[in-house]
Each structure stands twice: as structure tokens, then as C-alpha cells.
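Take a look at the structure set out below.
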């Protein structure tokens, strides 16, 4: 069953066509890679799916429901969560609070409960905290739970961002260049982590990366974008041998 | 249970303070400057309500609003107008109550009207302007504050440029500090809840907040409205203390004074706002003796604090806001 279906999406910025006629189908449990050289439009595609931009033409469906006109916060509510290429944590909040925030849209407390500190609030806050700590433990961040997010080392900030995204209990997780700035060993570990997340949380993952090795190692299906256009789609093996992909990455002969 | 006990204790303490320190010592007692000290005490309380509420939108939600004096004015005039119009009727219908009781009912009516009207003003200003960010929002809110003032200046029914006279004195130490406690508790409880996390997430990173499912526009408006409602309450308490309102009290200078309080105290710290409100109000009074040099000394104090403590006296530290920790299981 397809969970995400992007059909004939076009996005223009003035005269520049950033995304040309994009088609993309993700099935339940897929680990789908989206690659392409710098500036190919990968992040724009992410922003289309998460509602930061709206496509000029075409539709985006999550489990059959059209979402291309919805606000980002509403789309997060439908079950799409993401991380950012340049890490966007809530810097002045603690590690724990960052993950707790992810539970915000599932809150049962009303403004009234919050102001009067009712038992409902206490119960829910405690539940949120227990859940958040469990999630942090999975990413071995529980020891730094009460540190400020901005004081974490780079690698931990990346992990925290993934933990926070998972805190919203998404059906589809979008990872924007998770291996950026990591050395080969760290990227290797990250690949294992990503595969493990997919199996453990039973979610679908869409991965943007320009580091070919990461994508080839972990994804079952890869779509290659260049200048906003899809130039290849297939298994990592097929992609690697595709002359158009080689040309896009290495330049024409 | 503990909570209600705390509330009851706070009310009792305030009543006792009102009856002993304020009534016996300051107003009719041996201290010659008693009434003056009393007046400063009240002003400090009103400024605390204003600063703490402004901190919710500026410090916690991170939206730079400088039109707080406008909401303060709306509350003051709304309450004064309601009380002077229906005052006699209320006194008649409630003639079976002692006069303190009648006054209390009247004041609460005024405060409710003030909160309601300022809240509505908050919605009207908030919905269009909170799409703007940073400097743009600051300019719009500044403009709004001035619009309110000019508007009031031209309505004859509420005194216009002559000022609003004949407002009964209904608020006193007890009422002002009761609402100080209510404002501080409300903001503190909010910040410690899911709502507070949403506000702070908007301040830290709006795009990430939206991606995590926080409807940023809605929460910005929410914090703006709560903030303006408390400004309105402060206005009602102010009008029923000074018994006279003039539009010139509510210029943007007042808004800036409030901004200074929360910045000096530390944006995003409730105790900071309280401290800032107390300091600025008292400093301005203490320096009154310096005559025309008052504002010069005041400015130098500000420059010194900002040079050596740019994050404000409290920073974003808070003793009231201990993170809740789950007991080991």
C-alpha cells in the first residue's frame, strides 16, 4: 500500500523551475533515498511534502488524503515528521524538553488545565516525561536529558533531532542530509541506526543525501534528481550504473 | 488540595497586610511619608502585572511587541467607564451588602470588562500583525498603541483630552497584590505546561516548531491575548487607584518603560520581570530628588546594567520554574 504519493508536482520560484513534474511513490516500510548534486532541488521537495512550500501544480497524498494545501503544523499532525539539513533544535530548551515538545499536538490538556495545574495536567505531564525519557534512552541521550540542547556535541544534536522527530509518532519520517558533517565511521553507524529505526518503529523513511555511499548502503529504492528533474529511479545497483547519473555527478565526457 | 491551601494562605496574608501594615501603619499611622510609600507600593504591583504579562509575549514567545501601554489604556478606560456608568445601580441593588462588599463587586465587574475588552483588542491586533516578525511587528504594535491613545483623546464620553475624572477609588493594596499573585501564577503554570513549551519553541525556532506540529500563528495570538488581558486588568486596578485617567499616561514611553523592566530583569524569567518592575519603579522615584538630571542618571544606570549584564539581572534563570522530574520507578 502506498503511504506517500507525489503526482506531477511543479514548483517555481520566479523564473526558476525548482521542481519539474515530480512523481514519487513510497510504500509502507520503504527506506527511500532521494539523491542528487548540490542545488538539485532535494530540500525543496522536502519542503513541498512538509507544507513549508505549496506546489504550483500537482498533488501530494498521504495515505490517499491530499495534503498539498495544508499548513506544516497540520501536516505534522497527519503523521509526517522531519529533521533539518542545518540542525534546528530548540536551543534554549533542555534535551528532554525538546522531545517533550514533540508530544505537543497529542496533548489532552486544555488551557484551563495548564493555568490551574489540574490533576489532568499533572498526569499528562508525567506521562509525557516518562515517554520522552524512554525515547532518549533509545538514542543514548538520557544521561544528558537535563542539558541545554545547544551544549550538545554535533553528533548528539543530530541524534536528538531524530529522536524529537520520532516523538511525534510519525508514519513517515523525512531525514534531510542526516550524514552531513559526519566522518565515514559515523555515517556507517548512522546507516545502521536508520535501518534499525525503520524496523523498530515500523515507519517509512525518506532520506535526502548527497553522500552516495550512505544512500547506496541503506536504501532499497533510490530516486536521482538533477536540476529539479528525475533522471533515474531504481535500486542502488541500477542507479550506480546509470550513465545519466554518472554524468550528473561527474560531468559529461 | 495543597494548591487551594496555598491560595487561601496567600489571600489571608494579603488581608492581614492590608489591615495592619497598610491601613494602620502607612495610611493612618505614625509614618509621615506613609501615603507616599503606599502609592509606590501600588504602582510597583501594577508594574509587576504589566511586566510579567509582557514577558509572556516578548520573553517567552519571542515576539517583540511594544504596544503594551495600549492594552493597559484599554483596560483602564473600559473599567472606569463601566464603573462610573453602572456604579449607582450596582450600589442600589447590592445595598444589603456592606460598602466594602459593594466596592469589591464593582471592582471585579470592572476588571472583567477590562480583561474582556483588552483581550478583544489583543485578538484584533494579534491576528493580522503576528504574521510579521521582529522589527516589523515592533513597528505595528507601536503604531497600535499610539492609535489607541489618539482614539481615546478624541472620545468626549470618556473625557477626551481633559482626562477621565470622577472614577471611584476601588482598588487597594489587597486587590493589586491579589492580581499580582494571579498573574505570576498564571504565567508560571502556563510556562510549565505543554502550552509553555509551545511558546518557547516558537521563540527558539519557528520553522522547527511548525514542523513539530505547533500551530505557530494560533499560539502567538494566544500568548498575545493572555498578555493583553493582564495588561487590561492592570489598567483597571490603576484607574481605580489614581481616580483620574489621562491619555498622556499611556504614551509609548510607558511601553518602553515596561520593555526596559523585562530586559533589565532578564527576558524569559518571571522573577526577572518582578525584579525589573520593582527596580525601575523605585529607581525612578528615588531619583526624583535629582530634578532634571533624573533621566540622565536613570539612563546611565541602564547603560551600566546592559554593559555588564546584557542578558539581564536574572538571565533566563528561574527558581520558580524547576523542571518537573519523574520520581524513580
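The values are calculated or read from the model by the stated rules, or taken from the named source; none is laboratory data. Small disclaimer: the values here were computed from a predicted structure and weren't measured. Note that we place each Cβ from the backbone using ideal geometry, even for glycine, and neighbour counts take in every protein chain shown.
Being modelled with pLDDT of 80 or more and assigned to a helix (DSSP H, G or I) is the filter here; which residues of the stretch B:117-133 pass it?
Matches in the stretch B:117-133: B:117, B:118, B:119, B:120, B:121, B:122, B:123, B:124, B:125, B:126, B:127, B:128.
Filter the stretch A:212-231 down to the residues that are under 14 Å from residue A:21 (Cα atoms) and either part of a helix (DSSP H, G or I) or more than 18 Å from the chain's Cα centre (by Cα) (or both) and list them by number.
If the condition is that a residue be under 14 Å from residue A:21 (Cα atoms) and either part of a helix (DSSP H, G or I) or more than 18 Å from the chain's Cα centre (by Cα) (or both), then A:226, A:227, A:228, A:229, A:230, A:231 are the ones that fit.
For residues in the stretch B:126-143 being closer than 19 Å to residue B:247 by Cα and surrounded by fewer than 20 Cβ atoms within 10 Å (Cβ to Cβ), which is nearest to the chain's Cα centre (by Cα)? Explain how you work it out, then say what you get.
Restricting attention to the stretch B:126-143, the residues satisfying the condition of being closer than 19 Å to residue B:247 by Cα are B:141-143.
From what is left, the residues that are surrounded by fewer than 20 Cβ atoms within 10 Å (Cβ to Cβ) are B:142-143.
Numbers: B:142: 17, B:143: 20 Å.
Across the stretch B:126-143, the extreme among qualifying residues is B:142.
Could you figure out which of (1) modelled with pLDDT of 85 or more; (2) at positive phi; (3) in contact with a helix residue (DSSP H, G or I) (Cβ under 9 Å, 6 or more places away or on another chain) isn't true of residue A:202?
Here residue A:202 meets the rest and fails (3).
So residue A:172 fits all but one of (1) touching a helix residue (DSSP H, G or I) at 6+ places or on another chain (Cβ under 8 Å); (2) under 22 Å from residue A:47 (Cβ atoms); what number is the exception?
So the condition that residue A:172 fails would be (1).
Looking at (1) surrounded by fewer than 16 Cβ atoms within 10 Å (Cβ to Cβ); (2) farther than 14 Å from residue A:172 by Cα; (3) within 16 Å of the chain's Cα centre (by Cα), find the lone condition where residue A:12 falls short.
(3)
Pick from the stretch B:192-216 the residues that are more than 7 Å from chain A (Cβ to nearest Cβ) and under 22 Å from the mean Cα position of the chain (by Cα): which of them is surrounded by the fewest Cβ atoms within 10 Å (Cβ to Cβ)?
Of everything passing the filter in the stretch B:192-216, B:192 is surrounded by the fewest Cβ atoms within 10 Å (Cβ to Cβ).
Exactly one condition in (1) at positive phi; (2) modelled with pLDDT under 90 is not met by residue A:51; state its number.
Unmet for residue A:51, out of (1) at positive phi; (2) modelled with pLDDT under 90: (2).
Going by what's in this entry, would residue B:234 be described as free of Cβ contacts under 8 Å to residues at least 40 places away in the same chain and either crowded, with 20+ Cβ neighbours inside 10 Å or not in a helix (DSSP H, G or I) (or both)?
No, not satisfied.
Among B:248, B:189, which is the only one that is in a helix (DSSP H, G or I), surrounded by fewer than 21 Cβ atoms within 10 Å (Cβ to Cβ) and within 14 Å of another protein chain (Cβ to nearest Cβ)?
Residue meeting the stated conditions: B:189.
Quickly run through the stretch A:54-85 and pick out the residues that are at pLDDT below 90 and buried (at least 19 other Cβ atoms within 10 Å of the Cβ).
Once the filter is applied, which keeps residues that are at pLDDT below 90 and buried (at least 19 other Cβ atoms within 10 Å of the Cβ), the stretch A:54-85 yields only A:68.
Going by the conditions given, is residue B:73 within 19 Å of residue B:251 (Cα to Cα), buried (at least 24 other Cβ atoms within 10 Å of the Cβ), touching a residue at least 60 places away in the same chain (Cβ under 8 Å) and over 14 Å from the mean Cα position of the chain (by Cα)?
No, not satisfied.
Considering only the stretch A:101-112, state which residues are touching a residue at least 40 places away in the same chain (Cβ under 8 Å) and facing chain B (nearest Cβ under 7 Å).
A:101, A:102, A:105
Restricting attention to the stretch A:113-148, which residues are farther than 20 Å from residue A:79 by Cα, facing chain B (nearest Cβ under 9 Å) and crowded, with 19+ Cβ neighbours inside 10 Å?
Those that are farther than 20 Å from residue A:79 by Cα, facing chain B (nearest Cβ under 9 Å) and crowded, with 19+ Cβ neighbours inside 10 Å: A:113, A:114, A:115, A:121, A:124, A:125, A:129.
Say we look at the stretch A:175-189 and pick out the residues that are in contact with a helix residue (DSSP H, G or I) (Cβ under 7 Å, 6 or more places away or on another chain) and assigned to a helix (DSSP H, G or I); which of these is surrounded by the most Cβ atoms within 10 Å (Cβ to Cβ)?
My answer is A:187.
Could you check, for the stretch B:46-66, whether at least one of its residues is part of a helix (DSSP H, G or I), farther than 18 Å from residue B:186 by Cα and within 21 Å of the chain's Cα centre (by Cα)? Outline the logic, then answer.
As a first pass, look at the stretch B:46-66 and keep what is part of a helix (DSSP H, G or I): B:46-60.
Narrowing the set further to residues that are farther than 18 Å from residue B:186 by Cα leaves none.
No, every residue in the stretch B:46-66 fails to be part of a helix (DSSP H, G or I), farther than 18 Å from residue B:186 by Cα and within 21 Å of the chain's Cα centre (by Cα).
What number of residues in the stretch B:159-173 are crowded, with 18+ Cβ neighbours inside 10 Å and outside any loop (DSSP other than H, G, I, E, B)?
2
Please work out if residue B:32 is modelled with pLDDT under 90 and either within 15 Å of residue B:257 (Cβ to Cβ) or in a helix (DSSP H, G or I) (or both). Let's see the steps before the verdict.
Numbers: modelled with pLDDT under 90: yes; either within 15 Å of residue B:257 (Cβ to Cβ) or in a helix (DSSP H, G or I) (or both): no.
For residue B:32, the condition - modelled with pLDDT under 90 and either within 15 Å of residue B:257 (Cβ to Cβ) or in a helix (DSSP H, G or I) (or both) - is not met.
Select from the stretch A:101-112 the residues that are in contact with a helix residue (DSSP H, G or I) (Cβ under 7 Å, 6 or more places away or on another chain) and surrounded by fewer than 15 Cβ atoms within 10 Å (Cβ to Cβ) and list them in ascending order.
Of everything in the stretch A:101-112, those that are in contact with a helix residue (DSSP H, G or I) (Cβ under 7 Å, 6 or more places away or on another chain) and surrounded by fewer than 15 Cβ atoms within 10 Å (Cβ to Cβ) turn out to be A:108, A:111.
Quick test for you: out of A:236, A:243, pick the one residue that is loosely packed, with under 15 Cβ neighbours inside 10 Å and within 19 Å of residue A:36 (Cβ to Cβ).
Result: A:243 is the single residue among A:236, A:243 that is loosely packed, with under 15 Cβ neighbours inside 10 Å and within 19 Å of residue A:36 (Cβ to Cβ).
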